[in-house]
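What follows is a set of notes on a single structure, which appears directly below.
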Ligand code: COI
């Protein structure tokens, strides 16, 4: 059990009012969690402090070589008024898969979960209750050695910050337009595409800017070698419903193993649907579209939840999916996932995790 020292703020901020638009990741709560790592001593000095700016050497390694990782979870007000999160054990495990790839020391899973539980409990009055809102939880680790040689740092900070948020996309549950990128790539096998680290997101920006300039919300990445197979969207994993079957790219090492992705696969299988995790090429998607078999496309992610895709732009063609409307299965998955998260539907898989009453 972590011994967490709590120092409360003397100047609490005004919380957003009921019904006030929150946006995503723009507002931060009164407190943050911090814990340090020193080689030879391990993780130490767990504390909750007033939310504050950091003081770091400009030579801190994270600024130069990008040795950092992050995670994303959400806390919700349940139907019973308690505060819950969703499958935090998956995020704790993924943290260490990322850490291993980036030579960041292992963070015991129980530290990850206890830190979140303690901080969200302190901030429980910040968890918004309006429909479509939640308290976004952002755990992250940075390398802090003051050194300019390239090597794994000997010191780190693990921190958690919280942001009451609404939908990730301004369009909410309305379908988004996606640009299939044919110039840049996001990741290759053997690289760090499976890891949740800032570099993957930095690498996605040039494609995203191009897509935005053309009126699309996000980029769908193709594999970095053949530039043929569908990978992921960056902020979400991608699913296709083709001729009644659900198809999603397999976890090949270059895409993020999403918690929502895993939950959607489990749910669809439990409903008796055929789900295929396999390579799927852009040509297969375009062919299915031409033949009228591409029934639904949707993205999944913690921030994005379930995000229907209404338009897919591939080179000179635009595929309009399901008349640019949310499909039946996308809606059912959205209702079920959010229903379980909020305690409105039976949690048959034991995915909800109680943080506090
Ligand atoms: C999340 O879904 O939690 C993520 O970390 C994606 C991020 C780009 C918002």
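Applying the criterion of being in a strand (DSSP E or B) and in contact with a helix residue (DSSP H, G or I) (Cβ under 9 Å, 6 or more places away or on another chain) to the residues of the range 121-137, the residue that is farthest from residue 59 (Cα to Cα) is 134.
Every condition in (1) touching a strand residue (DSSP E or B) at 6+ places or on another chain (Cβ under 7 Å); (2) more than 16 Å from the ligand (Cβ to nearest atom) holds for residue 68 except the one numbered (2). Among all positions in the range 160-177, there is at least one residue which is more than 16 Å from the ligand (Cβ to nearest atom), closer than 22 Å to residue 204 by Cβ, in contact with a strand residue (DSSP E or B) (Cβ under 7 Å, 6 or more places away or on another chain) and assigned to a loop (DSSP other than H, G, I, E, B).
Determine which member of the set 230, 161, 141, 173 is buried (at least 22 other Cβ atoms within 10 Å of the Cβ), under 20 Å from the mean Cα position of the chain (by Cα) and touching a residue at least 60 places away in the same chain (Cβ under 8 Å). Going through 230, 161, 141, 173 in turn, just one is buried (at least 22 other Cβ atoms within 10 Å of the Cβ), under 20 Å from the mean Cα position of the chain (by Cα) and touching a residue at least 60 places away in the same chain (Cβ under 8 Å): 141. In the range 330-343, is there at least one residue being more than 22 Å from residue 75 (Cα to Cα), assigned to a loop (DSSP other than H, G, I, E, B) and modelled with pLDDT of 95 or more? No, the range 330-343 contains no residue that is more than 22 Å from residue 75 (Cα to Cα), assigned to a loop (DSSP other than H, G, I, E, B) and modelled with pLDDT of 95 or more.
Of all residues in the range 270-315, those that are within 30 Å of residue 165 (Cβ to Cβ) and either modelled with pLDDT of 95 or more or crowded, with 21+ Cβ neighbours inside 10 Å (or both) total 21.
Of the residues making up the range 56-80, those that are touching a helix residue (DSSP H, G or I) at 6+ places or on another chain (Cβ under 6 Å) and buried (at least 19 other Cβ atoms within 10 Å of the Cβ) are 68, 69, 71, 73, 75, 76. At least 1 residues being at positive phi and at pLDDT 95 or above is the threshold, and among the strands (runs of 3 or more DSSP E) wholly inside the range 20-82 those reaching it are 42-50. Being more than 15 Å from the ligand (Cβ to nearest atom), outside any loop (DSSP other than H, G, I, E, B) and either touching a helix residue (DSSP H, G or I) at 6+ places or on another chain (Cβ under 6 Å) or not assigned by TED's automatic domain parsing to the domain that holds residue 221 (or both) is the requirement here; does residue 140 meet it? No; evaluated as a whole, the condition is false for this residue. Scanning the range 189-205 for residues that are away from the ligand (no atom under 16 Å from the Cβ) and surrounded by fewer than 15 Cβ atoms within 10 Å (Cβ to Cβ), we see that the one that is nearest to residue 306 (Cα to Cα) is 189.
Considering the range 285-307, the residues that are in contact (Cβ under 8 Å) with a residue 40 or more places away in the chain and away from the ligand (no atom under 16 Å from the Cβ) include one that is nearest to residue 218 (Cα to Cα), namely 297. Condition check for residue 112 on (1) in a helix (DSSP H, G or I); (2) more than 15 Å from the ligand (Cβ to nearest atom): one failure, at (2).
The values are calculated or read from the model by the stated rules, or taken from the named source; none is laboratory data. Being a predicted model, the structure only gives us computed values, none of them experimental. Using ideal geometry, Cβ is built from the backbone for each residue, glycine included, and neighbour counts are taken over all protein chains shown.
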